[in-house]
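Working notes, beginning with the structure itself.
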Amino acid sequence: MTLQPSVIALQALSILVLLSLGWGAFWAWRILEGWDLESPSERQLRLEQRAWLVSAVVSRTCLAQGLSLVLFLHTADSLHRILPGAMCAAGSLNANAYGYPALLMKAGNGMLCGLWLILNRADRLAESFPLLRSRCRMLLGMLPLAAFEFELQWEYFRNLAADGPVSCCDALFNAEGRSVLARVASLPVVPLEISFFAAMALTLAAGVHVLLRRQGASLFGWAGLAVFPLTIASLIAFVSPYLYELPTHHCPFCILQREYAYIGYAIYAGLLGGTLAAAGALVLSRCAGLPGLEGIVPRLQARLVAVGLLAYGLLTAIVTHAVLFSNLVLVEG
């Protein structure tokens, strides 16, 4: 499987990300050791120049990490055609013990990269670099996580075999099963629908309040983070069946395929984009009191909230359309 073109492209991209983060982590360590903004020395000047270069390189690396997540999902979905028994990425990822851990690590690292970009933007707008040391420490922590992600990804593709059957998504997300996924799929539809739409309404209302009053960003952040697990459960329990118009089909990966207009990519973009915006607004709230960030944090939070509203609005619109216009009836009126 390691010779598939998409696998080769993904591995090459992951290696570039890892090397760039390694280079950035090296200079982050040097900056932490010798940074002194009050010093007029030549060494400080070189460190300041290198800090700007690290910021530019790592920013593009973080964007590449987001692309890597999309490419990984696309690759896993495309591999189901050559894995007996697999119908979508759910079966492909379940073909060995490394698939789902690799996906979770890649998603988690993507969120960390997004938060780094947010902190980097705030720090570059300030004159005294109040977040420089925090960004450097964060970069040092991102490197081993990226290395672990690459190891999981390599082992996943290296251990894929096309000569043995794998479980299909119907078996993994069967509501009558005993696994955790099966229990999520069997959650009662009405309470979950009410919880999802209520939580989303609260999150959107909190976001509008931030834009109008320039306060309450922390509430939006916590509400947005709470929406994430609720949305995942909703996708499995009732959104996917509405989209497939099949009451027994709970897979959250088949919606990434052409038969369903690739609607899954829009759903996950809305969910991950909104979650990142909420987490970013929450993290910036903890930085608001630092010198030089007093006027910068509220402006960035407002922008993040605006992005979050667009992302959550897209997600809510898709779910609402699925519930109202599907030919499937899960809830009897």
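Is it the case that segment 108-125 has a residue that's β-branched (Val, Ile, Thr) and not assigned by TED's automatic domain parsing to the domain that holds residue 228? The answer is yes; a qualifying residue exists. For segment 278-304, taking the residues that are touching a Ser or Thr at 6+ places or on another chain (Cβ under 7 Å) and of a type outside the set (Gly, Ala, Ser), the one that is modelled with the highest pLDDT is identified as 282. The residues on offer are 257, 215, and the sole one that is surrounded by fewer than 19 Cβ atoms within 10 Å (Cβ to Cβ), closer than 25 Å to residue 179 by Cβ and not acidic (Asp, Glu) is 257.
Taking the conditions (1) over 20 Å from the mean Cα position of the chain (by Cα); (2) touching a residue at least 24 places away in the same chain (Cβ under 8 Å) in turn, residue 150 satisfies each one other than (1).
Taking the numbered list (1) within 25 Å of residue 69 (Cα to Cα); (2) under 20 Å from the mean Cα position of the chain (by Cα) in turn, residue 204 passes all entries but (1). Set side by side, the residues 86, 147 differ, and just one is in contact with a His (Cβ under 6 Å, 6 or more places away or on another chain) and either in a loop (DSSP other than H, G, I, E, B) or not polar (S, T, N, Q) (or both), which is 86. Residue selection: residue 308 satisfies the criterion of being in contact with a Phe, Trp or Tyr (Cβ under 9 Å, 6 or more places away or on another chain), outside any loop (DSSP other than H, G, I, E, B) and at pLDDT 95 or above. Residue pairs whose Cβ atoms lie under 8 Å apart, separated by 6 or more positions or on different chains, with the first residue in segment 33-53 and on the phi < 0 side of the Ramachandran plot and the second assigned to a helix (DSSP H, G or I) and surrounded by fewer than 13 Cβ atoms within 10 Å (Cβ to Cβ), are 34/43. The residues on offer are 161, 171, 126, and the sole one that is of a type in the set (Gly, Ala, Ser), more than 22 Å from the chain's Cα centre (by Cα) and closer than 30 Å to residue 34 by Cβ is 126. Within the bounds of segment 103-111, is there any residue that is without any contact (Cβ under 8 Å) to a residue 24 or more places away in the chain and more than 22 Å from residue 268 (Cβ to Cβ)? Looking for residues that are without any contact (Cβ under 8 Å) to a residue 24 or more places away in the chain and more than 22 Å from residue 268 (Cβ to Cβ), one finds none in segment 103-111, hence no.
Would you confirm whether or not segment 66-80 contains a residue that is of a type in the set (D, E, K, R), crowded, with 18+ Cβ neighbours inside 10 Å and either under 23 Å from residue 16 (Cβ atoms) or out of contact with any His (no Cβ under 6 Å at 6 or more places or on another chain) (or both)? Within segment 66-80, one or more residues are of a type in the set (D, E, K, R), crowded, with 18+ Cβ neighbours inside 10 Å and either under 23 Å from residue 16 (Cβ atoms) or out of contact with any His (no Cβ under 6 Å at 6 or more places or on another chain) (or both).
The values are calculated or read from the model by the stated rules, or taken from the named source; none is laboratory data. If you're wondering where the values come from, they're calculated on a predicted model, not measured in any experiment. FYI the Cβ positions are ideal-geometry reconstructions off the backbone, even for glycines, and counts take in every protein chain you see.
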